[in-house]
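Below is one structure, written out as structure tokens; the observations come after it.
The values are calculated or read from the model by the stated rules, or taken from the named source; none is laboratory data. Just so it is clear, the structure is predicted and the values come from calculations on it, not from any experiment. Every residue, glycine among them, receives a Cβ derived from its backbone with ideal geometry; neighbour counts consider all protein chains shown.
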Amino acid sequence: DSGVTQTPKHLITATGQRVTLRCSPRSGDLSVYWYQQSLDQGLQFLIQYYNGEERAKGNILERFSAQQFPDLHSELNLSSLELGDSALYFCASSVEDSPSGTGELFFGEGSRLTVL
Amino acid sequence: SQELEQSPQSLIVQEGKNLTINCTSSKTLYGLYWYKQKYGEGLIFLMMLQKGGEEKSHEKITAKLDEKKQQSSLHITASQPSHAGIYLCGADPGANNLFFGTGTRLTVIP
């Protein structure tokens, strides 16, 4: 158990809909990272927050947005969903604002999104 | 932008055999990370390499970063079914994120 909690574990929805994925980081961790894993794209970095502030942005679509709340949990909002958004979405956390310290990110078990 | 290519893409070995997975970067690596993912689960950190020529071991898994810091290899000795999963190398491009290679899917046949 990594200590990172993601909900829901599974989600099935229709095209055009909007969903919210939630992540609770490990106790004491200030950084939250979001990743998308699909068969054709592999594991893609989406966005990172540190102590409530956005720190880095990757290949995140404009239809997607995220935020980190004062209690440090984070939410990833996906809107106007398309079939291609079906993927496993991972949240990871770390103490520092950069992985270059220890390199260790603690990953949740992911939220599997299926768009029909 | 920096890219990480892993080889092979998939590997099937008999239990007890040794194996090697490679990770090649398009640019100099300032930190190379190895993670393991069990099918459908989150990633688990294995080890981090920073210095050229550095070698680290964790149980029966050994990883090395070459002197030029553009390639890393991960070696598993006497593989076991518990080693099965997807191995991913990652790098930090200094942009506050960790991006990953294409992954190597390992199957160990008992």
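Checking A:PHE45 against (1) surrounded by 18 or more Cβ atoms within 10 Å (Cβ to Cβ); (2) over 18 Å from B:TYR33 (Cβ atoms); (3) not β-branched (Val, Ile, Thr): exactly one of these is not met. Which one?
For A:PHE45, the exception is condition (2).
Quick check on my filter: what residues within segment B:42-57 are more than 26 Å from A:TYR89 (Cα to Cα) and either part of a strand (DSSP E or B) or polar (S, T, N, Q) (or both)?
Selection gives B:LEU49, B:GLN50, B:GLU55, B:LYS56, B:SER57.
B:TYR39 fails exactly one of the following numbered conditions: (1) over 23 Å from A:SER98 (Cα atoms); (2) in a strand (DSSP E or B); (3) of a type in the set (Phe, Trp, Tyr). What is the number of that condition?
(2)
So which residues in segment B:1-33 are at pLDDT 95 or above and among the hydrophobic types (A, V, I, L, M, F, W, C), if there are any at all?
B:LEU11, B:ILE12, B:VAL13, B:LEU19, B:ILE21, B:CYS23
Matching residues to (1) touching a helix residue (DSSP H, G or I) at 6+ places or on another chain (Cβ under 9 Å); (2) closer than 22 Å to B:GLU3 by Cβ:
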residue	(1), (2)
A:LYS57	no, yes
A:ARG63	yes, no
A:GLU75	no, no
A:LEU88	no, yes
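For segment A:1-52, which positions are part of a strand (DSSP E or B) and more than 23 Å from B:PHE100 (Cα to Cα)?
Within segment A:1-52, A:THR7, A:HIS10, A:LEU11, A:ILE12, A:THR13, A:VAL19, A:THR20 qualify.
Consider B:SER73 carefully, then state whether it is among the hydroxyl-bearing types (Ser, Thr, Tyr), away from chain A (no Cβ under 14 Å) and surrounded by 14 or more Cβ atoms within 10 Å (Cβ to Cβ).
yes
Looking for whichever is surrounded by 13 or more Cβ atoms within 10 Å (Cβ to Cβ) and aromatic (Phe, Trp, Tyr) here; the options are B:TYR33, B:TYR39. Which one fits?
B:TYR33
What pairs can you find where one residue is in segment B:70-92 and in contact (Cβ under 8 Å) with a residue 40 or more places away in the chain, the other is of a type in the set (Phe, Trp, Tyr), and their Cβ atoms are less than 6 Å apart, with a gap of 6+ or different chains?
Once the first residue is in contact (Cβ under 8 Å) with a residue 40 or more places away in the chain and sits in segment B:70-92, its partners that are of a type in the set (Phe, Trp, Tyr) give B:LEU74/B:TRP34; B:LEU88/B:TYR35; B:LEU88/B:PHE100; B:CYS89/B:TRP34; B:GLY90/B:TYR33; B:GLY90/B:PHE100.
Residues to consider are B:SER79, B:SER10; find the one that is of a type in the set (Gly, Ala, Ser) and buried (at least 20 other Cβ atoms within 10 Å of the Cβ).
Exactly one of B:SER79, B:SER10 is of a type in the set (Gly, Ala, Ser) and buried (at least 20 other Cβ atoms within 10 Å of the Cβ), namely B:SER79.
Is it the case, given these coordinates, that B:LYS17 is in a loop (DSSP other than H, G, I, E, B) and either surrounded by 14 or more Cβ atoms within 10 Å (Cβ to Cβ) or of a type outside the set (Phe, Trp, Tyr) (or both)?
yes
Looking at segment B:82-93 only, could you name the residues that are buried (at least 17 other Cβ atoms within 10 Å of the Cβ) and either of a type in the set (A, V, I, L, M, F, W, C) or at pLDDT 90 or above (or both)?
B:HIS83, B:ALA84, B:GLY85, B:ILE86, B:TYR87, B:LEU88, B:CYS89, B:GLY90, B:ALA91, listed by residue number.
On the basis of being surrounded by 18 or more Cβ atoms within 10 Å (Cβ to Cβ) and farther than 19 Å from A:THR5 by Cβ, does A:PHE90 make the cut?
Spelling it out, it is not the case that A:PHE90 is surrounded by 18 or more Cβ atoms within 10 Å (Cβ to Cβ) and farther than 19 Å from A:THR5 by Cβ.
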